[in-house]
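Below: one structure, written as structure tokens.
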Amino acid sequence: MQNTTPLVCIVDDLDFDFAQAALWFQFDQSASYQLVQVSDEHAKLLADNLGLAVRRCYVNDSTINERAKALDVDKTEIIAARLPDAGATMAGDFGEILVYFYHSAKELPRTAFGPKKWRLKQDRTKPAPHSDVIHFVLPMWPESSADDVLLCSEVKVKSTDAPSTPIKNAIEDCEKDRTSRLARTLVWLRERALLEPIGDVKIAHLDRFIKASEHPPASKRFHAVAVICKSLIDEELKSAPTTASPEYTLIVIVVPDLKDVYHAVFDAAQKALPRVSHEIPAQKSVIKANEE
């Protein structure tokens with residue numbers, strides 16, 4: 001990734017240094033899309049680097065500790081009740097989480113944070129509903145400003161030689177975000193936030209975009225993202241458009257041995273027990289990052 005601004009250590013409620021993630025991605029801009037490649041070396045280390053953070057995308061440390069103590073069950077049982085089974089949902093979730101890390105790292109030194117929608121599933125065996133990945137960039141928070149940005153990404157994954165078209169499908173479903181789905185997603189997130197914590201995101205953050213007319217004009221950036229195994233990329237890129245769209249950015253993320261990688265990451269996530277009995281307060285960490 002090319003960024004001339006010095007990277008800074010920014011954490012959210014995953015307690016993860018996104019400057020580390022910035023090193024995973026090799027970024028190239030073509031005429032019509034962004035090609036992002038994870039090297040063989042970094043792909044082999046993703047399980048070690050991501051296991052704990054991926055588990056926290058589904059269930060935070062305090063919930064594991066509290067429920068395991070209250071129910072007198074092993075902590076790994078609590079974790080297993082949240083993580084997806086092997087299969088299409090696991091692949092899709094991994095793609096979404098990788099995109100969450102990509103955007104959080106790419107926006108550095110600005111803080112980009114968003115809801116961990118994987119915590120909000122009604123069924124762990126199915127994808128989380130609504131828009132796939134959302135980030136807020138609020139550089140003057142708690143004041144809203146014209147520099148505020150909402151990022152929205154539609155993510156498709158292809159890890160095996162199956163008859164799917166991730167680039168085409170990501171572009172088509174990105175249009176749904178632009179026309180109506182993002183708006184519904186923000187309202188849904190607000191409803192969930194009224195009943196339970198949803199990580200870094202607070203109701204005030206959501207209202208900044210739901211009630212947009214009450215704030216300075218903000219930017220919205222839409223992305224169609226295809227996460228594709230390196231062994232399949234040459235064939236899949238043939239379906240990429242030849243011209244860029246003014247309405248969205250096409251991003252193609254290439255991961256070597258993608259299926260093996262996401263299985264290894266989720267194996268590590270299952271074993272990632274809480275390091276401490278409390279969490280770093282999410283909003284405090286976001287504000288601190290902005291102040292720095």
(message) Among the residues in region 92-99, are any at pLDDT 95 or above and either part of a loop (DSSP other than H, G, I, E, B) or more than 21 Å from Ser164 (Cβ to Cβ) (or both)?
(response) no
(request) Hey, can you tell me all the residues within region 229-262 that are in contact with a Lys or Arg (Cβ under 9 Å, 6 or more places away or on another chain), surrounded by 15 or more Cβ atoms within 10 Å (Cβ to Cβ) and either closer than 22 Å to Leu52 by Cα or among the polar types (S, T, N, Q) (or both)? (result) Thr249, Val255, Pro256, Asp257, Leu258, Val261
(message) Being open to solvent by 30 Å² or more (accessible area, probe 1.4 Å) and either modelled with pLDDT of 95 or more or more than 11 Å from Gln270 (Cβ to Cβ) (or both) is the requirement here; does Val38 meet it?
(response) no
(message) Can you tell me which of (1) surrounded by fewer than 19 Cβ atoms within 10 Å (Cβ to Cβ); (2) touching a Pro at 6+ places or on another chain (Cβ under 6 Å) is the one Pro109 doesn't meet?
(response) (2)
(request) Within region 218-271, count every residue that is in contact with a Phe, Trp or Tyr (Cβ under 8 Å, 6 or more places away or on another chain) and among the hydroxyl-bearing types (Ser, Thr, Tyr). (result) 3
(request) Considering each of Leu71, Leu46 in turn, give the residue that is over 16 Å from Glu196 (Cα atoms), surrounded by 13 or more Cβ atoms within 10 Å (Cβ to Cβ) and not small (Gly, Ala, Ser). (result) Leu46
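Only one of Ala146, Ala162 is of a type outside the set (Phe, Trp, Tyr), without any contact (Cβ under 8 Å) to a residue 40 or more places away in the chain, surrounded by fewer than 16 Cβ atoms within 10 Å (Cβ to Cβ) and assigned to a loop (DSSP other than H, G, I, E, B); which?
Working: Ala146 fails: without any contact (Cβ under 8 Å) to a residue 40 or more places away in the chain.
The match here is Ala162.
The values are calculated or read from the model by the stated rules, or taken from the named source; none is laboratory data. Just so we're clear, the structure is a prediction, and the values are computed from it rather than from any experiment. Cβ coordinates were reconstructed from backbone atoms using ideal geometry, including for glycine residues, and neighbour counts include every protein chain displayed. SASA here: full protein model, heavy atoms, side chains in, ligands and nucleic acids out. Shrake-Rupley method; radii C 1.70, N 1.55, O 1.52, S 1.80 Å.
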